[in-house]
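Report on the structure given below.
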């Protein structure tokens, strides 16, 4: 029993065979799926997918790369819907900052403003956050603490293995583990994984991105969560079914509407 807590099923790369993708995932043991709301342009599409499939839920938010599309009223309308279980994915991403120093500072300031707005939105609706952090651990940590994001908690999507972020486990946050763990050149995450409290671990794919070994270079899909679980079990010296049970229970605890599926 697996919950894929982060899969972009609203991506155009799934348009032609979404039914088959979901069926393959079910055959691999995936019982629930969460579509993160990264781009407002596809949010209505994500909502329709969630309404079509009982096992699919979604979130409403704006990725840092699309912060100019932030529309609080639009997101709020989605957050009122029963199948919308979280705010995000939102956060900070300093990987593609402008080279010009003035533009760089303006970009960071705007990212922080939009991130803060979404943290407050999560608190208003009482829904957890799906947090994207890239090359911005220190600022992200400070913002989550300063804005008391622990009141709703959330998940650090594609956890980047920065040990500074482990303290967020005491503030209601979970750690999304995906295909990066299986990469042959992955060093930090396998080292840090055992340091994460087991009751804070979640499984994700980020499909169609970050495809796990041995399928790197191909489209990722939720069925490949099985490969992530197997690698987690190997590193943690556990049985795969133990990892599945723990991470599924964690997912239901964080994203409470999933309980309607009777997963645990």
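When Rg is the radius of gyration of the Cα atoms in region 2-261 and Rh is its Kirkwood radius, what does Rg/Rh come to?
0.94
Suppose each label sits 7 Å from its Cα in the direction of the beta carbon; what would the residue 209-residue 171 distance come out to in nanometres?
2.3 nm
At 7 Å along the Cα-to-beta-carbon direction for both residue 260 and residue 95, put a label point, then send me their distance in nm to one decimal.
3.3 nm
Taking a ≥ b ≥ c as the square roots of the Cα gyration tensor eigenvalues, with a/c under 1.5 meaning rounded and otherwise prolate when a/b beats b/c, else oblate, which class fits region 186-250?
Numbers: a/c = 1.91, a/b = 1.46, b/c = 1.30.
In terms of gyration-tensor shape, prolate.
Just round it to a whole percent: the fraction of Cα-Cα distances in region 214-254 exceeding 12 Å.
Percent of Cα pairs beyond 12 Å in region 214-254: 62.
Given region 37-79, what whole percent of its Cα pairs are spread farther than 18 Å?
Within region 37-79, distances greater than 18 Å cover 23 percent of Cα pairs.
What ranking, highest mean first, results for peptides 54-60, 91-97, 152-158 when packing means the other Cβ atoms within 10 Å averaged over each residue? Working shown, then result.
Numbers: 54-60: 23.1, 91-97: 17.6, 152-158: 25.7.
Descending packing order for the listed peptides: 152-158, 54-60, 91-97.
Can you grab the distance from the C-alpha centre of region 111-163 to the C-alpha centre of region 8-75, Å, no decimals?
First find each Cα centre; the distance between them is then 20 Å.
Please give the length that would be gained between residue 23 and residue 135 if that part of the chain were fully extended, namely 0.36 nm times their separation in residues minus their C-alpha to C-alpha distance (nm, one decimal).
Working it through step by step, the gained length comes to 36.8 nm.
Using a simple spin-label model with points 7 Å from Cα along the Cα→Cβ vector, what separation in nm is obtained for residue 148 and residue 199?
Roughly 2.4 nm, to one decimal.
Counting pairs of alpha carbon atoms under 8 Å apart in space and at least six apart in sequence, what relative contact order in percent does the chain give?
After rounding, I find 21 percent.
If packing is taken as the average number of other Cβ atoms within 10 Å across a peptide's residues, how do 138-146, 196-204 rank, most packed first?
My ranking of the peptides, most packed first, is 196-204, 138-146.
Computed from the coordinates by the stated procedures, all read-outs in this text should not be read as laboratory data. Since this is a predicted model, take the numbers as computed values, not measurements. Here the Cβ is made from the backbone with ideal geometry for all residues, glycine too, and neighbour counts use every protein chain on show.
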